[in-house]
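*Asks:* Attaching a single structure in structure tokens format; questions to follow.
The values are calculated or read from the model by the stated rules, or taken from the named source; none is laboratory data. Computed from a prediction, not measured in an experiment: that's the story for all the values here. Neighbour counts run over all protein chains shown; Cβ positions are idealised from the backbone, glycine included. Accessible surface is based on the protein model in full, side chains and every heavy atom, while ligands, DNA and RNA are left aside. Shrake-Rupley method; radii C 1.70, N 1.55, O 1.52, S 1.80 Å.
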Amino acid sequence: LLGTSFFMAGLNIEETNINPAIIVGVFLMAANFYIPTVVTDHEFDEKAGLKTSAVYFGLYKLIRLMYILTLGVVLTGIIVYLISNFELQLLSILMVSYTIIFTGVTKKKSYGGRLNLHENWILIPFSFISLLFIIYGILKLTGFIIINN
């Protein structure tokens, strides 16, 4: 929820009428990205006696949940693309593309009941995309970029 709140704050800098589908899409994307972080801690959580979702459901059920979340991101991304302005259309394309790739790589890197995925797979591309949007926002707010929607 916090990631969605920060995202909403950024969108509200200039735009006052935000499509609820983008909020749902960002929440589903964040939930999808969170699953591998829980799964990678599975062994430690189990040894510690914790009942996390990875311990309770297991890797393969959580991967299936990622498929459902990815489908939700794709559907909300299509809705946002069809009825929104340029910035949100661009965001929906990035959101859908990266979520599909991320889910596929996560599935490919899960074998033997373990997830063998480096944390930089989430952090570096997501940080890079965020940095591009921050730079774009600064350029737009300072008047270097003018887009008529």
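*Asks:* Are any residues in the range 38-67 among the β-branched types (Val, Ile, Thr) and within 17 Å of Ile101 (Cβ to Cβ), and if so, which ones? Give the steps one after another, and end with the answer.
*Replies:* Within the range 38-67, the subset among the β-branched types (Val, Ile, Thr) is 38-40, 52, 55, 63.
Listed by number, the list holds a single entry, Ile63.
*Asks:* Inside the range 95-106, can you point out the residues that are surrounded by fewer than 21 Cβ atoms within 10 Å (Cβ to Cβ), of a type outside the set (A, V, I, L, M) and farther than 18 Å from Leu132 by Cβ?
*Replies:* The first filter runs over the range 95-106 and keeps only residues surrounded by fewer than 21 Cβ atoms within 10 Å (Cβ to Cβ), leaving 97-98, 100-101, 104-105.
Filter once more, so that each one left must be of a type outside the set (A, V, I, L, M): 97-98, 104.
Matches in the range 95-106: Gly104 only.
*Asks:* Moving on. Yes or no: the range 132-141 includes at least one residue that is open to solvent by less than 80 Å² (accessible area, probe 1.4 Å), in contact with a helix residue (DSSP H, G or I) (Cβ under 6 Å, 6 or more places away or on another chain) and modelled with pLDDT under 80.
*Replies:* no
*Asks:* What are the residues in the range 16-39 that are within 11 Å of the chain's Cα centre (by Cα) and among the polar types (S, T, N, Q), if any?
*Replies:* Passing the criteria: only Asn32.
*Asks:* Condition first: open to solvent by 40 Å² or more (accessible area, probe 1.4 Å) and assigned to a helix (DSSP H, G or I). Now tell me which residues in the range 107-128 satisfy that.
*Replies:* Across the range 107-128, the qualifying residues are Lys107, Lys108, Asn120, Trp121, Leu123, Ile124, Phe126, Ser127, Phe128.
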